[in-house]
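One structure is given below, encoded as structure tokens.
The values are calculated or read from the model by the stated rules, or taken from the named source; none is laboratory data. Being a predicted model, the structure only gives us computed values, none of them experimental. Glycine gets a Cβ as well: all are built from the backbone with ideal geometry, and neighbour counts include every protein chain shown. We work out accessible area using only protein heavy atoms, side chains counted, and drop any ligands, DNA or RNA first. Shrake-Rupley method; radii C 1.70, N 1.55, O 1.52, S 1.80 Å.
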Amino acid sequence: IRRPDVASVAAGTPGLVDWPRGAVMLAPGLPGWKIELARELRRSFRCPVQVENDANLAALAERRHGLAREAHTLVFIYWGERVGAGVLIGDRLHRGAANAAGEIGFLALDPGTTAEPDRLGRGPFERMVGADAIVEAGREAAARHGGVLAGLGLDGPGLDGPDPRGAGAVFAAATQGDAAAVEAVHTIAARFARGLAPVLLVLDPDLVVIGAGVSRAGSA
């Protein structure tokens with residue numbers, strides 16, 4: 001496609017986005033990623049440019065082309081190496097007063113925990129259910145039960161990409177009935193349900209869609 005033929009540009013990004021400006025205000029998982037992204041893109045494109053949080057864009061995609069065409073209130077859960085949510089009420093995105101709506105990765109579910117990010121910028125809920133947590137749960141279960149995961153030697157997250165020895169390996173082993181992998185998946189699923197519960201109680205959505213890296217794990 002020739003550049004003059006591009007009618008509009010939309011860019012999705014992690015973090016808090018000042019939507020009118022198209023600026024990334026804060027992205028805890030990407031240190032230094034505070035950028036006037038729309039302005040930078042306009043250096044290359046003369047057409048309208050819009051920048052939006054990636055989970056919000058995913059929610060819009062589900063509304064227009066996916067499972068949520070008939071749902072009034074939709075929560076899209078972006079679950080991969082990071083965790084976030086996009087919320088649609090009617091046909092409008094709910095961004096919140098500070099554009100922080102849906103940042104569920106920073107839920108603090110356990111007593112004594114705070115929303116303070118770790119050195120990698122991950123919130124407490126992300127640390128409980130993200131790709132690293134899936135790998136760790138698989139490693140701990142394999143130490144007790146043995147099986148496929150014990151021989152595999154899990155060594156990384158990789159849920160959002162090629163994943164021969166990371167979180168995807170845990171899900172793959174679970175589909176084969178490996179006891180350690182099944183236990184690990186149940187552990188993570190229980191944690192995930194705890195984090196999702198307050199979101200559902202507050203919003204009472206018609207539909208919840210879980211996508212991003214974990215959606216490659218197969219059907220429930």
In whole Hz, with x marking every Gly and Pro, tabulate ³J(HN,Hα) for segment 184-191 from phi via Karplus 6.51 cos²θ - 1.76 cosθ + 1.60, θ = phi - 60°.
4, 5, 4, 4, 5, 4, 5, 5
Which loop trypsin sites (Lys or Arg not before Pro) in segment 50-135, with loop taken from DSSP, have no more than 11 other Cβ atoms within 10 angstrom of their Cβ?
69, 119
Sorted largest first, the Cα spans of segment 167-212 on the principal axes come out in Å as 36, 18, 14
Counting only protein heavy atoms, what percent of the accessible surface of the chain is carbon or sulfur at a 1.4 Å probe?
56 percent
Can you tell me what percent of all Cα-Cα pairs in the chain are more than 29 Å apart?
33 percent
If amide H atoms are modeled at 1.01 Å from N in the peptide plane, then the residues at a separation of 5 or more from residue 26, or on another chain, having amide H under 5 Å from its own are 16
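May I ask you to list the GluC sites (Glu not before Pro) in segment 15-64 that are in a DSSP loop and have at most 15 other Cβ atoms within 10 Å of their Cβ? Can you show the working numbers first?
On the way: sites: 36, 40, 52, 62; in loops: 36.
Taking segment 15-64 and a limit of 15 other Cβ atoms within 10 Å, the loop GluC sites (Glu not before Pro) found are 36.
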Please identify, among 166, 112, 90, the residue showing maximal mean-square fluctuation in a Gaussian network model of the chain using a 10 angstrom Cα cutoff.
112
Got a sec to turn the phi values of segment 35-51 into Karplus ³J(HN,Hα) couplings, 6.51 cos²θ - 1.76 cosθ + 1.60 with θ = phi - 60°, whole Hz, x for Gly and Pro?
8, 7, 5, 4, 4, 5, 5, 5, 5, 9, 10, 9, 8, x, 10, 10, 10
List, in order, the whole-Hz ³J(HN,Hα) value for each residue of segment 100-108 obtained from phi through the Karplus relation with A = 6.51, B = -1.76, C = 1.60 and θ = phi - 60°; use x for Gly and Pro.
10, 4, x, 7, 6, x, 9, 4, 9
Any residue on another chain or 5+ positions along whose placed amide H is under 5 Å from the amide H of residue 209 is listed here as 75, 76, 77
Magnitude of the charge dipole, the chain, Cβ model with Lys/Arg +1 and Asp/Glu -1, debye to 20
760 debye
Please give, to one decimal in nm, the separation of the simple spin-label points placed at residue 119 and residue 89, each 7 Å out from Cα toward the Cβ.
4.0 nm
Rg followed by Dmax, in Å, when segment 47-98 is reduced to its Cα trace
11.3, 33
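What FRET efficiency would be calculated for the residue pair residue 175, residue 73, taking the C-beta separation as r and a Förster radius of 22 Å, to the nearest 0.05? Before the final figure, lay out each step's value.
Numbers: r = 32 Å, r/R0 = 1.44.
Efficiency for this residue pair is about 0.10.
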In angstroms, what radius of gyration and Dmax does segment 1-125 have, counting Cα atoms only?
15.8, 55
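When the helices in the chain are scored as -39500 (n - 2.57) per DSSP H run of 4 or longer and the sum is shared across all residues, what 222 nm value do you end up with, to the nearest 500 deg cm²/dmol?
On the way: 7 runs with 77 residues, N = 220.
The per-residue figure over the chain is -10500 deg cm²/dmol.
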Expressed as a whole-number percentage, the relative contact order of the chain with C-alpha contacts under 8 angstrom and at least six residues apart is 18 percent
